[in-house]
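Computed from the coordinates by the stated procedures, all read-outs in this text should not be read as laboratory data. Keep in mind that what you see is a predicted model, and the values were worked out from it rather than measured. FYI the Cβ positions are ideal-geometry reconstructions off the backbone, even for glycines, and counts take in every protein chain you see.
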Amino acid sequence: MTSLETPPRTADKPTRAVRSAGDRTFAGLSTGAGILILVVLAGVAAFLITESLDAISAPAADIAGGEGVWSYVGPLVFGTLLAAVIALLVATPLGVAIALFITYYAPKRIAATLGYLIDLLAAIPSVVYGFWGLAALAPAMVPFYAWAERNLGFIPLFAGPASATGRTMLTAGLVLAIMILPIISAISREVFVQAPALHREAALALGATRWEMIKMAVLPYGKSGVIGGSMLGLGRALGETLAVAIVLSVSGGVTFNLISSSNPSTIAANIALQFPESSGLGVSTLIFTGLVLFVITLAVNMLARYVVNRRADFSGAN
Amino acid sequence: MAKRIDVSDLDIFYGNFKAVEGVNVSIEPRSVTALIGPSGCGKSTFLRSLNRMHEVIPGARVEGKVVIDGQDLYGSDVDPVDVRRQIGMVFQRPNPFPTMSIYDNVVAGVRLNAKKMKKSDLDDLVESSLKGANLWNEVKDRLNRPGSGLSGGQQQRLCIARAIAVQPEVLLMDEPCSALDPISTLAIEDLMTELKDRFTIVIVTHNMQQAARVSEQTGFFNLNGVGQPGRLIEFNPTEKIFSNPDQKATEDYISGRFG
């Protein structure tokens with residue numbers, strides 16, 4: 001670029017890259033939009049950090065629970081991760097199966113309709129999911145929880161006592177699973193459709209059945225896309241507030257017991273429930289938990305980006 | 001294991017569009033048969049109908065008969081998957097599976113047959129298939145490297161090794177050299193002359209010199225106009241096609257007056 005700025009002085013006019021006014025305007029606008037994102041992100045981070053300083057520096061006894069800010073946020077982090085992981089374990093296989101059905105099994109018209117319906121799931125507000133989980137899913141799960149306690153009670157996950165309302169960690173995880181299903185199936189669908197016809201035909205010409213063709217040519221190609229989609233879904237599940245706040249019956253401690261009525265809360269749900277009744281140091285503590293969630297979500301999303309971008313390396317584009 | 005292919009009154013459709021009409025031909029075992037003709041004349045479509053690969057496109061169907069060794073490929077109880085296991089195919093662009101090693105690419109078809117093979121048997125198969133495709137010496141030290149790291153010509157020979165590893169009766173080749181340089185093309189052509197001792201080979205090519213070099217029989221496809229179905233105009237020994245063809249259209253095409 002420097003050679004453009006110091007041209008030989010032979011011509012009358014200074015040699016400069018010719019750029020139209022429209023091009024300059026658009027370049028400025030898009031650069032500004034990019035910077036705006038950074039500013040907003042930095043602003044949020046700065047707010048979270050400054051507002052939570054009080055809680056971090058306060059004596060442990062003053063924090064709710066009386067054992068300091070880290071002991072306060074620990075069970076919440078656990079609950080957040082547990083609910084999100086349950087959601088992920090349920091939604092990923094389901095989302096991949098839906099995407100495969102839409103791309104390689106369903107007749108064209110059914111595939112298009114089903115695709116729209118799945119996308120529609122993403123448009124339902126989370127408060128509606130919350131009420132559906134509370135009023136429909138939770139009661140429906142109660143008999144299963146009782147059955148699980150009787151027959152699977154030897155597994156710590158189903159130790160019980162089974163919740164009588166169904167408002168358990170498992171129910172919350174299932175509601176979250178349905179909420180993140182659209183993003184996982186949409187991204188999986190995108191990458192499965194792009195699996196090169198070249199390699200699909202190679203598999204078929206070797207005498208592969210459709211499922212074998214999918215195993216040989218589609219899934220290896222789409223693997224990283226599926227991982228990326230799941231990570232984005234995980235990000236959403238981590239931050240989901242209202243649905244969890246409504247569904248989950250909360251009473252503290254760290255436990256892997258998925259079917260009882262005493263569960264750790266999640267960070268986002270806890271903020272939503274506690275904030276109206278908090279003041280002073282309580283608010284600062286909640287904001288600190290928000291900072292922790294911010295960091296976790298950021299890490300998950302960066303990991304997702306990393307995995308998605310790595311796709312180019314082994315997609316076989318060469 | 002090479003088998004004779006008898007095609008009678010074959011029409012091929014994509015939906016309502018008739019792409020190929022009225023093909024009658026007998027393809028001899030242990031020989032190379034070349035199919036030539038201008039673009040869009042249906043020669044690739046015809047080739048793909050020989051192992052039912054054209055059915056991959058929704059709406060594609062055929063009327064008529066393709067009989068291999070007494071068995072009608074389009075019989076109502078015939079599974080296209082079984083047909084493709086007997087009739088291998090090599091495509092225009094080399095398409096080794098990018099996420100698999102060279103070794104895994106060669107045994108991909110064998111693993112599909114769900115036979116449990118001993119590691120040593122698999123090793124032998126990989127070696128014999130790669131030797132059969134004239135690729136062994138170039139890749140024997142890097143069998144665990146990805147197949148996509150090879151040159152285009154090597155990739156195409158890897159695809160041939162993959163196709164012959166399942167011991168097919170027939171090998172179909174759809175313009176196997178059109179994406180390759182002259183040296184790689186020569187390697188593949190030499191390979192074809194070796195392979196025809198074991199397989200029935202049918203090759204589609206745009207390169208008339210190639211057809212003249214490698215084949216015993218040549219079929220010329222043509223169509224009367226856009227939107228018309230392609231037809232097999234002439235099927236004769238390659239020598240006759242290129243010196244003294246029966247049809248004027250064939251002569252015009254060979255001598256470069258059109259196409």
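Straight Cα distances below 17 angstrom link B:LYS3 to the lysines B:LYS65, B:LYS196, with same-chain residues fewer than 8 positions distant left out.
Across B:MET89, B:MET208, B:MET192, mean-square fluctuation computed from a Gaussian network of chain B (C-alpha pairs under 10 Å connected) peaks at B:MET208.
A simple rule links phi to the HN-Hα coupling: the Karplus curve 6.51 cos²θ - 1.76 cosθ + 1.60 with θ = phi - 60°, which for region A:242-250 gives 5, 4, 5, 4, 6, 7, 6, 8, 9 Hz, with x for Gly and Pro.
Remark: region A:21-314 is approximated by an ellipsoid whose semi-axes, taken from the C-alpha gyration tensor as √(5λ), come to 37, 29, 16 Å, largest first. Helix B:182-195 and the longest principal axis of the Cα set of chain B meet at an angle near 90°.
Listed by chain and number, the aspartates and glutamates whose alpha-carbon sits under 14 Å from that of B:LYS43, ignoring those within fewer than 8 places in the same chain, are B:ASP11, B:GLU21, B:ASP174, B:GLU175, B:GLU234. Value of Rg to Rh for the protein assembly as shown, rounded to two decimals, is 1.12; Kirkwood radius and Rg both from alpha-carbon coordinates. Estimated from the Cβ-Cβ distance and a Förster radius of 30 angstrom, the FRET efficiency linking A:LEU41 and A:PHE275 is about 0.85. Which value in Å does the Kirkwood hydrodynamic radius of region B:5-254 take, with 1/r averaged over all unlike C-alpha pairs and then inverted? In region B:5-254 this quantity evaluates to 18.7 Å. The relative contact order of region A:21-314, computed from alpha carbon pairs under 8 Å that lie at least 6 residues apart in sequence, is 28 percent.
Only Cα pairs under 8 Å and 6+ residues apart enter the sum, and on that basis the relative contact order of region B:78-172 stands at 52 percent.
Residues whose amide H falls under 5 Å from that of B:TYR74, counting only those 5 or more places apart or on a different chain, are B:VAL66, with hydrogens built in the peptide plane. Inter-part distance, region A:248-273 to region A:38-54, computed on C-alpha centroids, equals 27 Å. Beta-bridge orientation, region B:5-254: approximately 55 percent antiparallel, per DSSP, counting only bridges with both partners inside.
With the simple model of a label 7 Å out from the Cα in the direction of the Cβ, A:SER30 to B:ARG142 spans 3.8 nm.
Counting only residues at least eight positions apart within a chain, or on another chain, the lysines with an alpha carbon under 16 Å from that of B:LYS248 are B:LYS240.
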